[in-house]
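The values are calculated or read from the model by the stated rules, or taken from the named source; none is laboratory data. Here the structure is a predicted model, which means the values were calculated and not measured. Quick reminder, even Gly has a Cβ in these numbers, built from the backbone with ideal geometry, and neighbours come from all protein chains shown. What goes into the accessible areas is simple: the full protein's heavy atoms, side chains included, and nothing from ligands, DNA or RNA. Shrake-Rupley method; radii C 1.70, N 1.55, O 1.52, S 1.80 Å.
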Amino acid sequence: MKALKFGVCALALAGSSAFGVTTAVQAEEISWIYCGDKIDPIHEKYIAEWEAANEGWTIAPEVVGWAQCQDKATTLAAAGSPVGMAYVGSRTLKQFAENDLIVPVPMTDDEKASYYPNIVDTVTFDGTQWGVPIAFSTKALYWNKDLFKEAGLDPETPPKTWAEEIEFSKIILEKTGIPGYGLPAKTFDNTMHQFMHWVYTNQGKIIDADGNIVMDSPEVLAALQAYKDITPYSVEGPTAYEQNEIRAVWLDGKVAMIQSASGAAVRAAGTDMNWGVTTLPLGPSAKGPGTLLITDSLAVFSGTGIEEKAIEFAKYITSPEPQGEYELQGGAGLTPLRPSAKVDAFVEKDPYWKPFIDGIANAGPEPLFTDYKGFQNVMIELVQSVVTGQAEPQAALTKAAADLEQYK
């Protein structure tokens, strides 16, 4: 058995000695740690339908706040009292699997083919799937058309490349006094995510399928150099901002461009801003529009005696009809997991969704590490060291690549 690698959680569980202990779970009940403030009505509807079709079985969701839900699932599993399944960030699946806390959830070829490209990779390592995607987000570039016009730029022509993005940011700052780009670099998980969008718009990688750290490459170096180059024309003091704070600055008209999820479009629609949204600008090695693929998943825990039935339900609640209804409500800001006629109609109704889907084809998954927080912290330090001028891109990249070896 491998040592438990869950950062702070590991300290709390240091006295645990057994994983996968069969617990006194009723055979007819599947407990589900459900992240959020309340159960989505769409999920309530389909839970009732599944229970009606599976006599004697009930789903028992426990709503737990976002800040606590994953730690609670981890604590219960490591203490030998696992829930049937839990909503988790897919980034943690490798940690759970390496510690024998969850069971594989293999997919058929038809199941894999039903998703947009690369999405199944977010739950896969060693050729096995370890969760079922239930929520998905991508990013796109937003721009303030009025600030473009004020700076003498064509307000209908956003940057298509990093070089243009940097050039436009410089022009906007010089002509208007308003930062051209909003670069968040706070000590916050999204700082790593924001940088990964640049990595994946230049065909870069952090870790390969065999578990080798491959980030010290020309593609990732170019992304880090671009970060350094755009910083002078970005918001002042980027380490003070995380993504939602940057979004608020953009909505207030105090920065021209940001990369953000679909929620920014919902908020911008309620303002007087003249804005647009497009696919993320591309680096010199890009093959087409890209983005980081971030998914949350349903993980099925081991030691309950109901693993097979929990897998069955997890696949049902995330199957095309229930999932399509859940993600296309719009309020959750979720990018669809699968192509469909419903998605086509959804995009036709709200065209701003198109760039969020167009970036999927050349996108990449969140890298899976056995110590995800260790990986995240190395990436945050990497970004912060460059944008604050404490390190040059190549030196910072070489150091980060070496630091990641202990967490893979």
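On the given criteria, is Asp358 within 18 Å of the chain's Cα centre (by Cα) and open to solvent by 30 Å² or more (accessible area, probe 1.4 Å)? The answer is yes for Asp358. In the condition set (1) touching a Lys or Arg at 6+ places or on another chain (Cβ under 9 Å); (2) open to solvent by less than 30 Å² (accessible area, probe 1.4 Å); (3) in a helix (DSSP H, G or I); (4) over 21 Å from Glu174 (Cα atoms), Ala265 is compliant with all but (1). The listed residues are Gly180, Gly253, and the only one of them that is buried (at least 20 other Cβ atoms within 10 Å of the Cβ) and either on the phi < 0 side of the Ramachandran plot or among the small types (Gly, Ala, Ser) (or both) turns out to be Gly180.
Considered as a group, the residues in region 160-197 that are touching a Gly at 6+ places or on another chain (Cβ under 7 Å) and touching a residue at least 40 places away in the same chain (Cβ under 8 Å) include one that is farthest from Ser234 (Cα to Cα), and that residue is Trp162.
Summed over region 45-91, residues that are touching a strand residue (DSSP E or B) at 6+ places or on another chain (Cβ under 9 Å), under 18 Å from Ile30 (Cβ atoms) and in a loop (DSSP other than H, G, I, E, B) total 4.
Being exposed (fewer than 15 other Cβ atoms within 10 Å of the Cβ) and modelled with pLDDT of 95 or more holds for only one residue in Glu55, Glu49, and it is Glu49.
With Leu280, Leu298 as the choices, which residue is in contact with a helix residue (DSSP H, G or I) (Cβ under 9 Å, 6 or more places away or on another chain) and either part of a strand (DSSP E or B) or within 30 Å of Glu98 (Cβ to Cβ) (or both)? Show your work before the answer.
Numbers: Leu280 fails: either part of a strand (DSSP E or B) or within 30 Å of Glu98 (Cβ to Cβ) (or both).
Exactly one residue qualifies, and that residue is Leu298.
Yes or no: region 240-259 includes at least one residue that is among the basic types (Lys, Arg), out of contact with any helix residue (DSSP H, G or I) (no Cβ under 8 Å at 6 or more places or on another chain), more than 18 Å from Ala401 (Cβ to Cβ) and part of a loop (DSSP other than H, G, I, E, B). Yes: one or more hits.
Answer yes if at least one residue in region 108-129 is among the hydrophobic types (A, V, I, L, M, F, W, C) and farther than 30 Å from Gln259 by Cα, and no otherwise. No, because not a single residue in region 108-129 is among the hydrophobic types (A, V, I, L, M, F, W, C) and farther than 30 Å from Gln259 by Cα.
Determine which single condition Ala401 fails, assuming it passes every other condition in (1) open to solvent by less than 50 Å² (accessible area, probe 1.4 Å); (2) in contact with a Phe, Trp or Tyr (Cβ under 7 Å, 6 or more places away or on another chain); (3) in a helix (DSSP H, G or I). The failed condition is (2). Taken over region 92-137, the criterion of being open to solvent by 10 Å² or more (accessible area, probe 1.4 Å), within 21 Å of Gly290 (Cα to Cα) and not in a loop (DSSP other than H, G, I, E, B) is satisfied by Lys112, Ala113, Val120, Asp121, Thr124, Ser137.
Quick one: would you say Thr157 is free of Cβ contacts under 8 Å to residues at least 60 places away in the same chain, hydroxyl-bearing (Ser, Thr, Tyr) and either open to solvent by 40 Å² or more (accessible area, probe 1.4 Å) or assigned to a strand (DSSP E or B) (or both)? In short, yes. When we screen Asp109, Asp71, Asp100, Asp121 for residues that are within 13 Å of Phe301 (Cβ to Cβ) and among the acidic types (Asp, Glu), the only hit is Asp100.
Could you list, in sequence order, the residues of region 125-150 that are in contact (Cβ under 8 Å) with a residue 60 or more places away in the chain and more than 20 Å from Ala268 (Cα to Cα)? Write out each step before concluding.
Let us first name the residues in region 125-150 that are in contact (Cβ under 8 Å) with a residue 60 or more places away in the chain, namely 125, 130-148.
Hits for region 125-150 are Phe125, Trp130, Gly131, Val132, Pro133, Ile134, Ala135, Phe136.
If you take the residues of region 298-331 that are crowded, with 16+ Cβ neighbours inside 10 Å and of a type in the set (Gly, Ala, Ser), which of them is nearest to the chain's Cα centre (by Cα)? Per the criteria, the residue is Ala299. Would a scan of region 361-375 turn up a residue that is without any contact (Cβ under 8 Å) to a residue 12 or more places away in the chain and out of contact with any helix residue (DSSP H, G or I) (no Cβ under 7 Å at 6 or more places or on another chain)? Within region 361-375, not a single residue is without any contact (Cβ under 8 Å) to a residue 12 or more places away in the chain and out of contact with any helix residue (DSSP H, G or I) (no Cβ under 7 Å at 6 or more places or on another chain).
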